[in-house]
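Here the structure is laid out as structure tokens; the discussion comes afterwards.
Bear in mind these aren't lab numbers, they're just calculated from the coordinates by the rules spelled out. From a predicted model like this one, the values you see are computed outputs, not experimental measurements. Because the Cβ atoms are built from the backbone with ideal geometry, glycine has one as well, and the counts that use them run over all protein chains shown.
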């Protein structure tokens, strides 16, 4: 029996929004950040969304400004409450229905996300997918954020997808990829079935040109 691998992006794909940004806003409302910090955060996300700031630069800036030297526990202690309060409201249902269909068809399902592991892991467990990949951090001896270990950008997603395909014995014709972003173009290229989810303008144009499915 052939295994079918289906890979989903998380932000703006399975979810309507960027989960990291949503979580930072939540922490701001709990007085973990001041107004100046949150305005900076909004500024960087606008640069990423509209002015071609790449994902690696975004992660580096956000890490230095908002995470470095902060206690890991300050973030993780509120995650369960945050997800209980918001997750159901921010699912993008067309993509969630595709996820459920893939599950019903016994696909091997993975989430590949540039968001941090401490957010992607619990969401992956809630969605009951087979595995996930996410951006990772290293911590010092006092459990403070120290440095970025790896950023799960489009290139890294593609490399990990190929490794996963080899591990599962899956050929390209049995791979599907769902994403909203042109920055995942390398990930799209490893798959036979390419689905653009609420795509950014560049991905929308490319999807139309290549007759990819859009949801």
Semi-axes in Å, largest first, for region 17-85 (Cα gyration tensor, √(5λ)) are 21, 13, 12
Reduced to Cα centres, the span from region 1-37 to region 85-101 in Å works out to 13
Rounded to the nearest 10 degrees, the helix 154-168 long axis (Cα) sits at an angle to the longest Cα principal axis of the chain of 50
Note: probe point = Cα of residue 87 + 7 Å toward Cβ; backbone nitrogen < 19 Å; residues of region 22-66 passing the test are 22-27
Cα-Cα pairs in region 120-215 separated by more than 21 Å, as a whole percent of all pairs, come to 45
Ranked output for segments 36-46, 167-177 by mean other Cβ atoms within 10 Å, highest leading, reads 167-177, 36-46
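Neighbour counts of other C-beta atoms within 10 Å: give me 165, 103, 152, 93 arranged from fewest to most.
The fewest-first ordering by Cβ neighbours comes to 93, 103, 165, 152.
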Here the equivalent ellipsoid of the chain, derived from its Cα gyration tensor, has semi-axes (largest first, whole Å) of 29, 19, 17
For region 5-214, averaging the sequence separation of alpha carbon pairs under 8 Å that lie six or more residues apart and dividing by its residue count, the contact order in percent is 24
Helix 201-210 sits off the longest principal axis of the Cα atoms of the chain, rounded to the nearest 10 on a 0 to 90 degree scale, by 10
Per the rule of 0.36 nm per residue minus the C-alpha distance, extending residue 186 to residue 162 adds in nm 7.6 nm
Quick calc: nm separation of the 7 Å Cα→Cβ label points for residue 214 and residue 147 -> 4.3
Between the alpha carbon centres of region 39-76 and region 105-153 the gap in Å comes to 16
